[in-house]
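This report refers to the structure that appears directly beneath it.
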Amino acid sequence: MAARHTDSLVQPRLAVSEAEGRAVLEPSGDWLIETIGQMDRQVRAVERDHSVKALHLDVSGLGRIDTSGAYLLGRPLRQGDDPVPEGRISGDHPVAARLIREVHARMDHCPPEEASGWGLRKMLTRLGAGTEHVLDEAWDTLGFFGHTLVTLGASLLNPARLRWTSTVHLMETVGINALPIIAALSFFIGAVVAFMGASLLETFGASIFTVDLVGISVLREFGVLITAIMLAGRSDSAFTASIGSMKMQQEIDAMRVIGLDPYEVLVVPRVIACVVMAPLLTLAAMLAGLFGGLLVSWVTLDVSPSFFLTRLQNVVDWTHFMVGMSKAPVFGLVIAIIGCRQGMKVGGDVESLGQRTTASVVQAIFMVIVIDALFALMYLEADI
Amino acid sequence: MSTRPLIEVRGLVTRFGSHVVHDGLDLEVRRGEVMGIVGGSGSGKSVLLHTILGLKAPDGGEIFFDGRPLSRMTAAERAALERRWGVLFQGSALFSSLTVRENILVPIREHVSLPPALMDEIADLKLGLAGLGTDAINKYPSELSGGMKKRAGLARALALDPDVLFLDEPTAGLDPISAAAFDELIRELCETLGLTILLVTHDLDTLHAVCDRVAVIAEKRIIAVDTIARLATNSHPWIQDYFGGPRGRAALRS
C-alpha cells in the first residue's frame with residue numbers, strides 16, 4: 001500500500017453506466033476509510049435500484065483502496081455468503097479485485113448490539129433486577145458473615161492458628177494510623193456542638209446545659225459514629241482493594257491450592273483488628289470530642305475546665321458512655337465483614353475492582369447508620 | 001516504491017536511571033517486510049518498541065519514519081503519523097469498560113466521520129479480518145479468552161487500515177494451535193494489505209513462520225539482522241545458543 005498523506009487524497013466518485021440490462025459501477029478516486037463516509041448513501045442507492053445479478057464492477061479508474069473501501073465497493077456484489085462470481089469485477093488495478101474478494105470472504109455480519117430503550121417494560125426490568133440484586137447481596141453477606149463467624153470461632157478455640165503478625169499489623173493500620181484523623185474530626189464535631197448549643201441555650205439563659213449537650217451527644221452518638229464512618233471510608237475500602245487485587249492476581253487461588261484458608265488468613269485478622277480497634281478509637285474520639293466542647297465552653301461561655309469536668313461527672317450518666325462503647329465493636333465487625341466480602345467478590349477485571357470498592361464503602365456506611373438507628377430504638381425501649 | 005527504509009533507528013540510547021538499556025542501537029525496517037526482534041529477557045525489546053512508538057523519549061540518537069525524524073515533528077505531523085500505525089500491546093490493552101465492537105470503533109470514531117451503519121459494518125469486517133468469531137462482538141474484554149483478546153486487539157490495531165503494524169509478543173500465552181493460526185493470520189494480512197510489520201517475540205515458531213528478517217538485540221545493540229536461515233549460521237555465541245538450542249533446532253527443522 002502506498003504511503004498515505006491526508007492532504008493528497010483524491011475524492012472518491014462512483015459512476016454507474018447501464019447497458020443491455022447490465023449496470024457497471026465505475027469507481028474513481030481514493031476509496032479509503034478517510035474518504036468513503038460520503039459514498040455510503042450512493043452505494044446504498046445503487047444496491048436498492050439494481051438487482052445484484054445485473055451489477056458489475058470496473059476498477060480500472062480506481063485510485064488507492066483499503067479494506068474499508070474494498071468492503072464498500074464489494075457490498076453491492078454480495079449475495080449472501082457466496083464468493084463474488086468470476087467476471088463480475090473487471091479492469092486493471094494492482095490490488096482491488098484481490099482485496100475485494102478477500103474482504104468479502106472474511107466479512108461476517110455480527111449480531112447487533114442489544115437495543116437499549118427507556119420504555120416502561122425496560123424500567124420495570126431494571127427495577128426488578130435491582131431489587132433482586134439487593135436481596136442477593138443481603139443474602140450473600142449473611143452467608144459470608146456466618147462463614148466468617150465459624151472460622152473466627154475455630155481460630156479462637158485454637159489460638160495457635162491465629163495469624164498474630166498480620167493481625168497486629170492490621171491493628172496498626174486500622175487503629176493507630178487512623179487515630180489522628182479520627183481524633184481531629186471528633187474534636188471539631190465536639191466544638192461545633194458546643195458552639196451551636198451555647199448560642200441556642202444562651203437565649204433561654206440556660207447556657208450551662210451546653211455541658212450536658214456536648215457530653216451526651218458525643219458519648220452516645222458522635223464519638224462512635226465518626227469512628228465508624230472513618231473506618232468505613234478508610235479501612236473498609238482498603239480491605240476491598242487489597243483483597244480484590246489479590247483476587248485479580250489469583251493470589252487467593254494460590255492460597256487455596258497451598259492449603260491456606262483465605263478466610264483464616266485474610267478475613268479473620270481483619271475482623272479481629274476492626275473489632276478490637278473500633279472501641280479504642282471510639283474512646284479516643286469521645287475524649288477528643290469532649291475536649292473540643294470543653295475548649296469552646298471555656299472560650300465562649302467562660303466555663304472553666306474544672307467546672308466543665310465536675311458538671312460532666314455530676315449530670316452525664318455513665319450509661320451514655322456505655323451505650324456509645326457498646327456499638328463500637330458491632331460497627332467494627334460489620335465494616336470488616338462488608339469490606340472483606342466485597343474484596344472476595346472482585347472479578348477478573350479492573351472495572352469490577354472499582355465497582356466493588358464503591359459498593360463496599362456505600363454498604364458499610366449505610367449499614368452503620370441503619371444499625372445505629374436500631375440501637376437507638378432498642379435503648380429507647382429499654383429506657384437506657 | 002522507494003528503497004528508503006520505512007523506519008530507521010540511528011544511535012539510539014535509552015536508560016532508566018543509571019541502567020543503560022540501549023547504547024548506540026541501529027535498526028532499519030524496510031517497507032513491506034515483516035521484521036522480528038528477538039533478544040533475551042530484559043534485553044530491551046519492548047523498550048525499543050515503546051521508544052519507536054514515542055511512549056518513551058530516547059535519551060540519545062534519533063528515530064526516522066519515512067525519512068523524517070520523529071523528534072522534530074510538530075504535534076499535527078505526529079498525529080497524522082500515528083494514524084498510519086496500528087499497535088497490538090502485549091496484554092492486548094483493550095479498554096475494559098467497552099465491548100469489543102466499541103473498542104474497534106474507538107480509533108474510527110476519533111479520526112474519521114462515517115455513517116453509523118457503515119461504521120458498524122466496518123467493525124464487523126475488522127473482526128473478521130482478525131479472525132474472531134461473530135458472537136464475541138458484544139462481549140466485554142473480561143469475558144474473552146487470552147487468544148480472543150489478542151485477536152480483538154489486532155482488530156482494533158487494524159481499524160484505520162494502518163501501513164505499519166507493531167506487535168508486542170503476539171503469540172505469547174496462546175496454545176500452539178492458536179499461535180500457529182495467529183502466525184498464519186499475520187502473514188496473510190501482510191500479503192493482502194501490504195503491511196509493514198515489526199514484531200517482538202520469543203516464539204521461535206512465529207519467527208520462522210512470519211518474519212522476512214530477524215534483528216537480534218544483545219549487548220545493548222542490534223548485533224545482527226538477517227534471515228533466519230543465515231542467522232542460524234552466525235557465530236555469535238548468544239545467537240548460537242538461541243537458534244542452536246533444542247527449541248531453536250526443532251523450530252528450524254519444521
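On the given criteria, is A:L290 modelled with pLDDT under 90 and either open to solvent by 20 Å² or more (accessible area, probe 1.4 Å) or outside the structural domain of A:A183 (by TED's automatic domain parsing) (or both)?
no
List pairs: first in the range B:182-203 and over 15 Å from B:R151 (Cβ atoms), second basic (K, R), Cβ under 7 Å, 6+ apart or cross-chain?
B:T196/B:R31; B:V200/B:K45
Rundown of residues vs (1) open to solvent by less than 10 Å² (accessible area, probe 1.4 Å); (2) within 14 Å of chain A (Cβ to nearest Cβ); (3) touching a Gly at 6+ places or on another chain (Cβ under 9 Å), yes/no style:
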| position | (1), (2), (3) |
| --- | --- |
| B:D161 | yes, yes, yes |
| B:F166 | yes, no, yes |
| B:L193 | no, yes, no |
| B:L198 | yes, no, yes |
| B:C211 | no, no, yes |
| B:K220 | no, no, yes |
| B:A224 | no, no, no |
| B:A229 | no, no, no |
| B:N234 | no, no, no |
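What number of residues within the range A:39-50 satisfy the criterion of being surrounded by fewer than 17 Cβ atoms within 10 Å (Cβ to Cβ) and either of a type in the set (D, E) or within 11 Å of chain B (Cβ to nearest Cβ) (or both)?
Adding up the residues that qualify gives 4.
In the range A:10-38, which residue that is open to solvent by less than 40 Å² (accessible area, probe 1.4 Å) and of a type in the set (G, A, S) is nearest to A:L77 (Cα to Cα)?
The initial filter retains those residues of the range A:10-38 that are open to solvent by less than 40 Å² (accessible area, probe 1.4 Å), namely A:12, A:14, A:23-25, A:27, A:29-33, A:35-37.
Of the ones still in play, those that are also of a type in the set (G, A, S) are A:23, A:29, A:37.
Details: A:A23: 11, A:G29: 20, A:G37: 19 Å.
Applying the filter and picking the extreme gives A:A23.
Take the residues of the range B:137-155 that are more than 15 Å from B:F182 (Cα to Cα) and crowded, with 22+ Cβ neighbours inside 10 Å: which is nearest to the other protein chains (Cβ to nearest Cβ)?
Selected residue: B:I137.
So which pairs qualify, if the first residue must be in the range A:240-256 and open to solvent by 50 Å² or more (accessible area, probe 1.4 Å) and modelled with pLDDT under 95, the second must be not in a helix (DSSP H, G or I) and not acidic (D, E), the Cβ gap must be under 6 Å, and the two must be at least 6 apart or on different chains?
Going by the 6 Å Cβ cut-off, the qualifying pairs are A:K247/A:V346.
What is the one condition in (1) within 14 Å of chain A (Cβ to nearest Cβ); (2) in a loop (DSSP other than H, G, I, E, B) that B:H202 does not satisfy?
B:H202 satisfies every listed condition except (1).
Tell me which residues, restricted to the range B:161-186, are in a helix (DSSP H, G or I) and more than 15 Å from B:L129 (Cβ to Cβ). Steps first, please.
The initial filter retains those residues of the range B:161-186 that are in a helix (DSSP H, G or I), namely B:176-186.
B:P176, B:I177, B:S178, B:A179, B:A180, B:D183, listed by residue number.
With the condition kept exactly as written, say whether any residue in the range A:209-219 is under 26 Å from the mean Cα position of the chain (by Cα) and under 24 Å from A:L374 (Cα atoms).
Checked the range A:209-219: no residue is under 26 Å from the mean Cα position of the chain (by Cα) and under 24 Å from A:L374 (Cα atoms).
For the range B:69-82, check the following and say yes or no: at least one residue is open to solvent by less than 40 Å² (accessible area, probe 1.4 Å), part of a loop (DSSP other than H, G, I, E, B) and among the polar types (S, T, N, Q).
Looking through the range B:69-82, none of the residues is open to solvent by less than 40 Å² (accessible area, probe 1.4 Å), part of a loop (DSSP other than H, G, I, E, B) and among the polar types (S, T, N, Q).
A:A70 - would you say it is open to solvent by less than 60 Å² (accessible area, probe 1.4 Å), in contact with a helix residue (DSSP H, G or I) (Cβ under 9 Å, 6 or more places away or on another chain) and at negative phi?
Judged against the criteria, A:A70 is a match.
State whether the residues of the range B:112-129 include one that is crowded, with 24+ Cβ neighbours inside 10 Å and more than 11 Å from chain A (Cβ to nearest Cβ).
No - not one qualifying residue is present in the range B:112-129.
Of all residues in the range A:99-129, how many are over 30 Å from B:E188 (Cα atoms) and either within 14 Å of another protein chain (Cβ to nearest Cβ) or assigned to a helix (DSSP H, G or I) (or both)? Don't jump to the end; show me each part of the working.
Our first condition is that a residue be over 30 Å from B:E188 (Cα atoms); within the range A:99-129, this holds for A:114-129.
Filter again for either within 14 Å of another protein chain (Cβ to nearest Cβ) or assigned to a helix (DSSP H, G or I) (or both), leaving A:114-116, A:120-129.
Residues flagged as over 30 Å from B:E188 (Cα atoms) and either within 14 Å of another protein chain (Cβ to nearest Cβ) or assigned to a helix (DSSP H, G or I) (or both) within the range A:99-129 amount to 13.
Exactly one condition in (1) free of Cβ contacts under 8 Å to residues at least 40 places away in the same chain; (2) at negative phi; (3) open to solvent by 20 Å² or more (accessible area, probe 1.4 Å) is false for B:G54; which is it?
(2) is the only condition that B:G54 fails.
I'm trying to understand the selection: among the residues of the range A:55-67, which are in contact with a Gly (Cβ under 6 Å, 6 or more places away or on another chain) and open to solvent by 10 Å² or more (accessible area, probe 1.4 Å)? Even if it seems obvious, please write down each step before you answer.
Looking only at the range A:55-67, we keep the residues that are in contact with a Gly (Cβ under 6 Å, 6 or more places away or on another chain), and these are A:58-60, A:63.
Selection gives A:D58, A:S60, A:G63.
Being open to solvent by 40 Å² or more (accessible area, probe 1.4 Å), more than 18 Å from A:I337 (Cβ to Cβ), of a type outside the set (D, E, K, R) and in a helix (DSSP H, G or I) is the filter here, so list the residues in the range A:142-183 that pass it.
Within the range A:142-183, A:L157, A:P159, A:A160, A:W164, A:T165, A:V168, A:H169, A:I176, A:N177, A:L179, A:P180, A:I181 qualify.
Of the residues in the range B:65-104, how many are charged (D, E, K, R), in contact with an Asp or Glu (Cβ under 8 Å, 6 or more places away or on another chain) and more than 10 Å from every other protein chain (Cβ to nearest Cβ)?
1
The values are calculated or read from the model by the stated rules, or taken from the named source; none is laboratory data. Just so it is clear, the structure is predicted and the values come from calculations on it, not from any experiment. Positions of Cβ are backbone-derived with ideal geometry, glycine not excepted, and every protein chain shown enters the neighbour counts. Please note that ligands, DNA and RNA were not included when accessible areas were found on the heavy atoms of the full protein model with its side chains. Shrake-Rupley method; radii C 1.70, N 1.55, O 1.52, S 1.80 Å.
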